[in-house]
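Taking it in order: structure first as structure tokens, then the write-up.
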Amino acid sequence: MKQKFREELLKKRRRYEKAEEDALKIKEKFLQLEEVKRANSILLYYPHKNEVNTLPIIEELLRSKKNVLLPKVKDLNIFPIKVTDLSVLKKGYAGILEPDGKIYPVEKIEVVVVPAVAFDIHGHRLGYGKGYYDRLLKKIKGLKVGLAYDFQIVDKLPVEPHDIPVDLIITPTRIINTKGGM
């Protein structure tokens, strides 16, 4: 069931025509978060297969002199690496562009932006099924944020014991506080 649902959503995401427009709306909401304004270190993902495009966010954060981190995948784990220039990224795991460099201390990450195929309103996510982000999120104390198109939000996803939920989900039309509130 999980795999079929994942495939259907990925197919829909690949064909989604308002992705660029929605990504800019999401960027504005994300950059207005107080936690983002205060944060010195933010881990984002490099967009892949029509995920919400984080490049405008990354470029804005680089201009603001924050510690911008991108993931490097090695041996089934994600390692945060500081980036200062997107032009030096190289193809890595699954053909996704990755940085090279020294591993940034996970305990210093104040905000992490997490990709997903889908999120539920409780912050649980359906990823690609390898558990990379769940292993990383276990170690991060900072704010966990999911970025999604509206159609990627569902009422409930199946949850497994190792799944780590996000604290907020930002879509083009709303911010969902999964811990209650907003």
Task: Cross-chain or 6+ apart pairs with Cβ under 9 Å, the stretch 123-151 first and under 13 Å from TYR45 (Cα atoms), then assigned to a loop (DSSP other than H, G, I, E, B) and of a type in the set (Phe, Trp, Tyr) - done: TYR133/TYR45; LEU147/TYR45
- [ ] Tell me the strands (runs of 3 or more DSSP E) entirely within the stretch 1-92 that contain at least 2 residues that are surrounded by fewer than 20 Cβ atoms within 10 Å (Cβ to Cβ) and in contact (Cβ under 8 Å) with a residue 12 or more places away in the chain.
- [x] 67-74, 77-83
- [ ] Quick one: LYS144 ticks every box in (1) surrounded by 12 or more Cβ atoms within 10 Å (Cβ to Cβ); (2) more than 19 Å from ASN53 (Cα to Cα); (3) of a type in the set (Lys, Arg) except a single one, so which number is it?
- [x] (2)
Open item on the list: Regarding the stretch 113-136, can at least one residue be identified that is of a type in the set (Ser, Thr, Tyr), under 26 Å from ASN67 (Cα atoms), surrounded by fewer than 20 Cβ atoms within 10 Å (Cβ to Cβ) and touching a strand residue (DSSP E or B) at 6+ places or on another chain (Cβ under 7 Å)?
Closed with: yes
- [ ] For the stretch 97-141, name all the residues that are within 14 Å of the chain's Cα centre (by Cα), part of a loop (DSSP other than H, G, I, E, B) and modelled with pLDDT of 90 or more.
- [x] ILE109, GLU110, PRO115, ALA116, VAL117, GLY123, HIS124, ILE140
- [ ] Please tell me if THR178 is within 22 Å of ALA23 (Cα to Cα), in contact with a Gly (Cβ under 6 Å, 6 or more places away or on another chain), polar (S, T, N, Q) and in contact (Cβ under 8 Å) with a residue 12 or more places away in the chain.
- [x] yes
TODO: Specify the residue that is surrounded by the most Cβ atoms within 10 Å (Cβ to Cβ); the eligible residues are those in the stretch 103-112 that are in contact with a strand residue (DSSP E or B) (Cβ under 7 Å, 6 or more places away or on another chain) and among the charged types (D, E, K, R).
DONE: GLU110
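The values are calculated or read from the model by the stated rules, or taken from the named source; none is laboratory data. No experiment lies behind these values; they were computed from the predicted model shown. Here Cβ is always computed from backbone atoms with ideal geometry, including for glycine, and neighbour counts include all displayed protein chains.
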